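The values are calculated or read from the model by the stated rules, or taken from the named source; none is laboratory data. All figures in this text were calculated on a predicted structure; none of them were measured in a lab. Backbone-built Cβ (ideal geometry, glycine too); neighbour counts: all protein chains shown. These area figures cover heavy atoms from the full protein model, side chains too; ligands, DNA and RNA do not enter into them. Shrake-Rupley method; radii C 1.70, N 1.55, O 1.52, S 1.80 Å.
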Amino acid sequence: MAIGLLQDLTKHQRDRLAFIELRLRFVGEIRRQDLISRFGLQAAAATRDIGFYKELAPDNLDYNTKGKIYTFRDGFKPIFDFPPERVLTWLSQGYGDGEPARFSPWIACEIPSRLAHCDLDTLASVTRAIHNECPLKIVYHSISSGKTEREIIPFALIDNGLRWHVRAFDRNTQNFRDFVITRIRQPIVMQGEKVDSNERENQDIQWSRIVELELVPHPDQPHPEITEMDYGMTDGGLHLKLRGTIAGYVLRKWCVDCSPDHSLHGPEHRLWLKDYLALYGVESATLAPGYTSPREKR
C-alpha cells in the first residue's frame, strides 16, 4: 500500500520521506527541525511530511512528547529500498539522502563494486548505538576466536577500502578494537545503558593519535616523475595525516612499501614510506606492507 502511495507523490516529496526514514533507521530519531534545516521547509510543511510518513508506516516511529522528537520503533519495516553503498555514502559524507533511484550517468562511468556488503538492519543498529552513545550487544564471528557474545561501545565507522568496520570499546577484552560489520549478528541496541568514562572515544589512544607520513616514488620506479603526477605530489612527496587506527589500512590499500630499505619489489609498489619509524607504536602498522617494528629488529 505504501509503495502505491509513494508513486503518486512528487520527487521532492519522496526525497523528504526518504530522509525521514534514513534518520529514523540509521540515527534512531527525527526532529521537525531536521527537515526544516535539510530542505528549507516551513514548520507546518515539516509537520505534514512527518505526519504523512506516519500514515504510511505507523509502526516505524514513536513520538516522545517530552523531547518533542520522533524515535525509532522496534518492528521497524522500511518502505524505501536503499542500496548499502548509498547508505554508507550518506552516513560518511552527508549527502545523497534523497529517495534511492536509478539514474543514467552524464558520461560512461564504471565503478567496481565491493565483494562484501553490509546487512542494512545490522548497520542501522550499529549507527543508532553510535548516535545514542550506548552499548551494543552482538554475536561476533572472529577468525581467531570464532563465535562469541560481546558488548561493545561503538563510536565511529571506518572504511578500509575493501569493507566497513566499526571502531568500538570491547567489554570482553577491555580494549578498543575494529569490528567487521559483516561479521556482526543479532545486534541489540542497549538504549539508556550506562557507558563508563574509560569506554569512551576520547580514551582510545590509537584513534586519537594522528600520524604524519611522507610517501615518495618507490626507488625502483624508472620514471618517478610519472608517479609524482599520478598522486599529485608536491616537491617529490605526498604528505598524509592519518589516524593511527586507519594508517595501516591506507598503506595496505595503496601497496606502499613500508620497509626501511625499500626491499619490496613489483609493479604494485609504486610508493615508499620515507620514514618507517613514523609508524612506531601504531597498532595498525602490522597491516602495512613490509613494515617491521624496530623492536623486532633487535
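What to note about this one:
- Restricting attention to the stretch 109-133, the residues that are in a loop (DSSP other than H, G, I, E, B) and closer than 14 Å to THR182 by Cβ add up to 6.
- Selection within the stretch 229-257 - open to solvent by less than 70 Å² (accessible area, probe 1.4 Å), more than 27 Å from ARG163 (Cβ to Cβ) and touching an Asp or Glu at 6+ places or on another chain (Cβ under 9 Å): GLY236, GLY237
- Selection of the stretch 188-209 for residues being loosely packed, with under 13 Cβ neighbours inside 10 Å and closer than 17 Å to GLY28 by Cβ yields only GLY192.
- Which numbered condition ASN172 misses (of (1) among the polar types (S, T, N, Q); (2) open to solvent by 60 Å² or more (accessible area, probe 1.4 Å); (3) assigned to a strand (DSSP E or B)): (3)
- Whether a residue is surrounded by 21 or more Cβ atoms within 10 Å (Cβ to Cβ) and either farther than 14 Å from ASP97 by Cβ or not assigned by the TED database to the domain that holds CYS134 (or both) was assessed, and ILE36 does not pass this test.
- Pairs meeting the criteria (first residue in the stretch 213-225 and touching a residue at least 12 places away in the same chain (Cβ under 8 Å), second residue of a type in the set (Asp, Glu), beta carbons under 6 Å, at least 6 apart or on different chains) are HIS218/ASP257.
- Qualifying positions in the stretch 265-288 - aliphatic (A, V, I, L, M) and in a loop (DSSP other than H, G, I, E, B): VAL282, ALA288
- Filtered residue count, the stretch 1-33, keeping only those that are within 26 Å of SER125 (Cβ to Cβ) and surrounded by 11 or more Cβ atoms within 10 Å (Cβ to Cβ): 22
- Residues of the stretch 66-113 satisfying the condition of being open to solvent by 90 Å² or more (accessible area, probe 1.4 Å), at pLDDT 85 or above and under 23 Å from the mean Cα position of the chain (by Cα): LYS77, ASP81
- Residue check, ARG185 among the charged types (D, E, K, R), open to solvent by less than 80 Å² (accessible area, probe 1.4 Å) and not in a loop (DSSP other than H, G, I, E, B): no
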